[in-house]
Amino acid sequence: MTELHELSALDQWLALQRGEVSPSELTAHYLERVEKLDPQLGAFVTVTADAATRRAQDLERIVPRTSALWGLPIADKDLTMRRGVATGFGSRAFAGTISPRSDEIVEVLDGAGAISLGKTNTPEFGMHGYTESLVAPPARNPWDLALGAGGSSGGAATAVSARLLPFAPGSDGGGSIRIPAAACGLVGIKPSRGLVPAGSGIESIGGLAVKGPIARSVTDAALLLDAMIGRRNGRIDHHFALRSPDENDGDLLGAAVRGEGRFSIGVLGNSPFEDGMEIRVAPEASAAVSVALAHLGAMGHGIENVHLEHDGVYPDAFRTLWHISAASIPVDDDRLSLLEPVTRHLVQSGRQIGAREMAETLAVMTTFERSVIEQFSRFDAVLTPTLAQTPRPVGSFDSEDAERNFVQQCQYSPFTSFVNVAGLPAITLPVAETADGLPMGVQLIGRPGGESTLLSIGSQLERRIRWQLRTPPIAAR
C-alpha cells in the first residue's frame, strides 16, 4: 500500500480534495515522520506540532477546500518570521527570539491553505551555500548522511528529500535554493526578480534574494510557486513598478503539466568566476550535462554551445556585494562576538565599505546584468551544471578563514550566483546519479519571466528520466 508521503504533493492535494485524507491526518502523518527521522537529519530547528495540529483543525472548519495548498504541510525557513514562533536566523545572536509578526510570504502561504510544521535549518543569516551553524546540527544529505545538504535552504531540501514534507519554500540570493536542491536530488526554482511579490528581490541589496520552491517534481514545484506568487483573480499583485515580465498565460502549473514545446537551448561552457579563481567541473557534473543533452537532443530541441563574454570584474564585484549584504545584519557592535568567525568578518568588512565603492559595485553588476541578458537572448534556455562538484562532506568548508571560504563556495557552485545578479529565472533538475548513487543536477536559465519555458523543458526531461521516483535510503524507513 502506498504511504501518504510517497505521493506527489499534487496527488496529496487531490486526495485532500476528494476527502480520502483530512488535513489533520496528513499533518499527523508528517509530524510522526519528523519525530522519527529528523534527529538523524537536522532538517528542522523548530517543530510546532501543537500549532500545526490546531491549524489543520481550523482548515477543516474555516478555509475553503479549493485553496491552492489546502491541507498541505510545509515549513518556514528559519530566516522567515512567523508570529509567536522562534526565529533564530541560524545565529547565536538571535537564539530563542520570538517573532512579533509574520513576514508577508508566511501570510501568503497561510492564505493558500498550507500548514507549517515549524522552521527548517539554515546557516547563519543564510550567508552560505551549506547548512552548518553553531546553533543546530548540520542539515545532512538524505542520500548519504556523511554529506551536507547544501544551503542556505539546506533544511528545506533535507526535509523534502527525506519525505518529511511534500515540498518547501526557500530563498535564493546566490544559489540557496538550487544548491541544496541539486545536492539532495530535487527540483528547485529561483524565480525571475520581481515575480513573487512577497519575495521579489527588489528590496534586497543588488536585487539578489528571491523566494521560490523546492520539490521532488516539476509539477509540485510549479504548484508551490503559483501559491507563493499568490495571484488575485488571475493577476499578480505587484508591489513595485519594476516587475518580472508576465506571459499572462494562467498558472505555471499548467505549463508544467502540459510540458509542451521545442526550444533553442544554449550550453554554457564557462563561469564568470574563472578570472578570479580556478574553476574545475568534476566528471560527475559534466556527465549530468551529457545526460540532459542526450535527452534534449532526442526530443528535437535545438542545441548550441555558448561562451559568456565578460570583462573579468565579476569575482571581485560579487565578493564586495557579498560583504555589503552582510553589513546590514542586525547585530550591534557589542554583540558581534556572538557571530561565527566568517559571518563576523563579512559584517565588519561590509561596514567598512564606503558609499562610493558600493555605488560602483552596484553599477558594475547592473552592466553585467544587461550583458548576460543580451548574450542569452537568442536562447529560450541556457544549460549549465548546477554544481561543479559532487555533494560535499559535512565540515568541508573553512569555518575560520572568510576568503578561503568564499573561494570554496564559488568553486562548488560557480554557475548559480551570476543568475541572481542578472535577475533571471533558473531551475535545477536532478537528471543524473553518480556511480555511488548520489544525485547530480543541471541548471536551466531562462529569459526574464521565462518560468513557463523552464517548467515545460523540465517536465519533458522528467517524463523520460523519472527522477521523482528515486528515493534516498532513509526516506524508506
By residue number, the members of the stretch 56-69 that are closer than 15 Å to SER22 by Cα and either open to solvent by less than 50 Å² (accessible area, probe 1.4 Å) or within 25 Å of the chain's Cα centre (by Cα) (or both) are ALA56, LEU59, VAL63, SER67, LEU69
Checking SER116 against (1) open to solvent by less than 30 Å² (accessible area, probe 1.4 Å); (2) assigned to a helix (DSSP H, G or I), which test does it fail?
(2)
Scanning for something closer than 25 Å to ARG370 by Cα, in a helix (DSSP H, G or I) and touching a Gly at 6+ places or on another chain (Cβ under 9 Å), does the stretch 442-452 turn up at least one residue?
yes
Total residues in the stretch 258-281, condition at pLDDT 95 or above, in a helix (DSSP H, G or I) and of a type in the set (Asp, Glu)
1
Residue pairs, Cβ under 6 Å, 6 or more apart or interchain, first in the stretch 278-295 and touching a residue at least 24 places away in the same chain (Cβ under 8 Å), second open to solvent by 50 Å² or more (accessible area, probe 1.4 Å). List them.
HIS295/ARG464
From the list THR428, THR390, THR416, pick out the single residue that is open to solvent by 10 Å² or more (accessible area, probe 1.4 Å), hydroxyl-bearing (Ser, Thr, Tyr) and under 23 Å from GLY269 (Cα atoms).
THR390
I'm trying to understand the selection: among the residues of the stretch 233-254, which are outside any loop (DSSP other than H, G, I, E, B) and closer than 26 Å to ALA156 by Cβ?
LEU252, LEU253, GLY254
I'd like to check something: does the stretch 70-90 contain any residue that is assigned to a helix (DSSP H, G or I) and open to solvent by 60 Å² or more (accessible area, probe 1.4 Å)?
no
Which of the residues spanning the stretch 322-371 are open to solvent by 40 Å² or more (accessible area, probe 1.4 Å) and touching a Lys or Arg at 6+ places or on another chain (Cβ under 8 Å)?
SER337, LEU338
Condition check: of a type in the set (Ser, Thr, Tyr), assigned to a helix (DSSP H, G or I) and either open to solvent by less than 40 Å² (accessible area, probe 1.4 Å) or free of Cβ contacts under 8 Å to residues at least 40 places away in the same chain (or both). Does THR53 satisfy that?
yes
Exclusive hit being on the phi > 0 side of the Ramachandran plot and either surrounded by fewer than 15 Cβ atoms within 10 Å (Cβ to Cβ) or assigned to a helix (DSSP H, G or I) (or both), set GLY297, GLY312
GLY312
Any hit, the stretch 21-31, residues being under 18 Å from ALA159 (Cα atoms) and open to solvent by 50 Å² or more (accessible area, probe 1.4 Å):
yes
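The values are calculated or read from the model by the stated rules, or taken from the named source; none is laboratory data. This one's a predicted model, so the numbers in the text were calculated from it and none came from an experiment. Glycine gets a Cβ as well: all are built from the backbone with ideal geometry, and neighbour counts include every protein chain shown. These accessible areas exclude ligands, DNA and RNA; they are computed on the full protein's heavy atoms, side chains included. Shrake-Rupley method; radii C 1.70, N 1.55, O 1.52, S 1.80 Å.
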